[in-house]
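Taken together, the values in this text are just the output of simple stated rules run on the coordinates, not laboratory data. Every value quoted in this text rests on a predicted model; they were computed, and no experiment measured them. Backbone-built Cβ (ideal geometry, glycine too); neighbour counts: all protein chains shown.
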Amino acid sequence: MLPRLFVNFKSYKEALGKNAAALAKKIKKEGVAVSPHWVDLREVSNIIDSFAQGVEPILEGKYTGHSTFSALLTTKAVGIMLNHSENRMRKEDINKAIEMAKEFGLKTIVCVESAEEGIDISKMEPDALALESKELIGTGISITKKKPDELIKLIKNVEIPVYAGAGISSKEDVEKAINLGCYGVFVSSSIVKSPQPDKKVDEFLSAMRKI
């Protein structure tokens, strides 16, 4: 089952090494999944449902410095986040990664920067899409306020769950995302950098349950 609240740890110091495991334990709740840094994926995936921060559509072999499916399968990750705006992928690699993920029983959530891109990527049959606007990431200005029409357009033209990503920082943002028809939300700094991440998670989950 896909998470309603997806927390991207990125490479923030608050979510690296020992901090990653500690944060995972704090926010481990039903409906929550995280995407830790690759170096922490093994440990964190033993604590909470985890998605890899991208993967290359290759297996084992002479791939120094690459993030391979063979390495991913040594962890307990349940899926992969693909094509994040900070780590964009070629279209053909997205397609191949989705195909390989299906083969290995892994979920895929593909990040897109526009409704048009999302509609195109949906033909590859990922499990979900996350619409994010790169210029809004980390700003606290929600995509639900800045680009609600893009979210609505994507939701109406695909048959898979859609997440709202970028700038989600309050329960009002979450409520608006769900009211627009989103399945859930993608968040990062609003949880990772919060002095009380567990309470922030509860706030966001509660906002979803109200709808």
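Of note:
- Net charge of neighbours whose Cβ lies under 10 Å from the Cβ of A15, counting Lys and Arg as +1 and Asp and Glu as -1: +1
- Computed FRET value (nearest 0.05) for E135 with K25, which takes r as the C-beta separation and R₀ as 35 Å: 0.60
- Around G165: net Lys/Arg minus Asp/Glu count, Cβ-Cβ under 15 Å: +1
- Straight-distance crosslink candidates among aspartates and glutamates, where the alpha carbon sits under 17 Å from K123 and sequence neighbours closer than 8 are dropped: E92, D93, E99, E113, E159
- Fully extending the segment from H66 to I119, taken as 0.36 nm per residue of separation minus the present Cα-Cα distance, adds 16.2 nm.
- Listed residues Y183, Y63, Y163, most fluctuating in the chain (Gaussian network, C-alpha, under 10 Å): Y63
- Over the chain, dividing the summed -39,500 (n - 2.57) contributions of all DSSP H runs of at least 4 residues by the number of residues returns a 222 nm mean residue ellipticity of -10000 deg cm²/dmol.
- Cut-off of 10 Å, at most 11 other beta carbons, DSSP loop: longest stretch of the chain lacking such GluC sites (Glu not before Pro): 61-158
- When the Cα positions of A20, M89, A101 are compared along the charge dipole of segment 5-210, A20 comes out farthest toward the positive end, with charges on each C-beta of Lys, Arg, Asp and Glu.
- Added length on full extension, which subtracts the Cα-Cα distance from 0.36 nm per residue, K91 to L73: 4.2 nm
- With a cut-off of 11 Å between beta carbons, the residues surrounding M89 carry a summed charge of +1, where Lys and Arg count +1 and Asp and Glu -1.
- Bridgeable aspartates and glutamates around K18 (alpha carbons under 18 Å apart, same-chain partners fewer than 8 residues away excluded): D40, E43, D49, D198.
- Residue pairs exceeding 18 angstrom between C-alpha atoms, taken from K62/K91; K102/K156; K91/K156; K13/K193; K29/K176: K62/K91; K102/K156; K91/K156; K29/K176.
- Note that the chain carries a Kirkwood radius of 16.9 Å, evaluated over its alpha carbons pair by pair.
- Semi-axis lengths, Å, segment 72-115, gyration tensor of Cα atoms, sqrt of 5 times eigenvalues: 19, 11, 9
- Cα centroid separation - segment 1-44 against segment 132-194, whole Å: 19
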